[in-house]
Amino acid sequence: MKEKRTELIIDDEFYNSEVRCDYRITEKQKKIWALQLELLYELLRVCQENDIKCVVMWGTLLGAVRHKGFIPWDDDLDVALERDEYEKLRRLGVSAFKPPFFFQTVDTDPNYFFPYARLRNSNTTGLILENVGKEYNNGIYIDIYPLDGITENRLLKSIQSKQRNIYLAAISKKMNPHKKNRNVSLKSMAVNILCAPLLLFSVKALIRKFDNCVARYNKKAAQIGLFYNPTLMDKHYYFPKAALNKIIMLPFEMLQVPVPVGYDTVLKAVYGDYMELPPVEKRGLWHEGQLVYEPEIPYKEYLESHPHLIGETD
């Protein structure tokens, strides 16, 4: 019989400001971390109860290995699942989570248009400034990424990449129909022409088509990663699928979190010598100017008191 999980208990001392790796972590940052840990704990509970395999990934995986918790200057939390496991979680939807937790996908939040999921706390504020005009849930969140196969065949990969980019362009145009395209290159013009017929579909339908495109080689590919994002692919956010053959547990703050047994391969692919700390002057700049966190203010209240933010980036 599986162990029953209860709510996460966080000691009051956790919230104290402290210095780690020559970086001061404020009380506010600790409050944000605590909320993200609660979100992770809830996600792990749902995955455990439904036999869904997930792992912490990217900066969160690096934090688990190098710091046994958050990277001191990090401000988000990443989880990843192979596509089949991700779809099992997606089908559960909001019914698997009780308020204030909200499982956000294009299925559960019509104004959310990203090809991955987020788990949010609706009683908080976690604004991504470039999307702040959108009327979707803007609570503090953790990211939940599907991992897809990456073919080694250069021709097939090139064709798949072009199709992915066309779907991305169509989704962007559907969500921002009045946004002017400042890129007038022949390549961008060709993409605009090719994506025009796709604008007849809904955003939800386009994301389904996009998902099918990026998942095309899942059963055959030996590499796996974030194929949905061209920029992250350029940064080597992929690794051998064999790295996920077994999942082990590592400490992360007061939790034990699942990580791929091949975490060394994963981290070297993305970060190189991942045990080396960045220079002090570069710490804490990953999301500088991109996010607004208010752990004690619901996002609806925050937006009502900051009306200038809404529509600022349209």
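The values are calculated or read from the model by the stated rules, or taken from the named source; none is laboratory data. It should be emphasised that the depicted structure is a prediction, and the values quoted were computed from it without experimental measurement. Note that we place each Cβ from the backbone using ideal geometry, even for glycine, and neighbour counts take in every protein chain shown. To get the accessible areas, we keep the full protein, side chains included, count just its heavy atoms, and leave off ligands, DNA and RNA. Shrake-Rupley method; radii C 1.70, N 1.55, O 1.52, S 1.80 Å.
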Can you tell me which of (1) open to solvent by less than 70 Å² (accessible area, probe 1.4 Å); (2) of a type outside the set (Gly, Ala, Ser); (3) within 17 Å of Phe70 (Cβ to Cβ); (4) part of a loop (DSSP other than H, G, I, E, B) is the one Met275 doesn't meet? (1)
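Residues of the stretch 190-202 being surrounded by fewer than 17 Cβ atoms within 10 Å (Cβ to Cβ) and aliphatic (A, V, I, L, M), which ones?
Step one: filter the stretch 190-202 for residues surrounded by fewer than 17 Cβ atoms within 10 Å (Cβ to Cβ), giving 190, 192-194, 196-197, 199-202.
Listed by number, the residues that qualify are Ala190, Ile193, Leu194, Ala196, Leu199, Leu200.
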In the stretch 67-87, the residues that are within 27 Å of Glu253 (Cβ to Cβ), of a type in the set (D, E, K, R) and in contact with a strand residue (DSSP E or B) (Cβ under 9 Å, 6 or more places away or on another chain): Lys68, Asp75, Asp76, Asp78, Glu82, Glu85
Here the residues within the stretch 76-103 that are free of Cβ contacts under 8 Å to residues at least 24 places away in the same chain and among the hydrophobic types (A, V, I, L, M, F, W, C) are Val94, Phe103
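From the list Arg24, Arg5, Arg66, pick out the single residue that is under 28 Å from Glu281 (Cα atoms) and at pLDDT below 95. Please lay out each step first, then the result.
Working: Arg5 fails: under 28 Å from Glu281 (Cα atoms); Arg66 fails: at pLDDT below 95.
Only one candidate passes the filter, namely Arg24.
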Could you list all residues from the stretch 20-43 that are open to solvent by 70 Å² or more (accessible area, probe 1.4 Å) and touching a residue at least 40 places away in the same chain (Cβ under 8 Å)? Asp22, Lys28
Is there any pair with a first residue in the stretch 46-75 that is in a loop (DSSP other than H, G, I, E, B) and of a type in the set (Lys, Arg) and a second that is at pLDDT 95 or above and open to solvent by 10 Å² or more (accessible area, probe 1.4 Å) whose Cβ atoms are under 7 Å apart and which are 6 or more apart or on different chains, and what are they? Lys53/Glu85; Lys53/Ile247; Lys68/Pro251
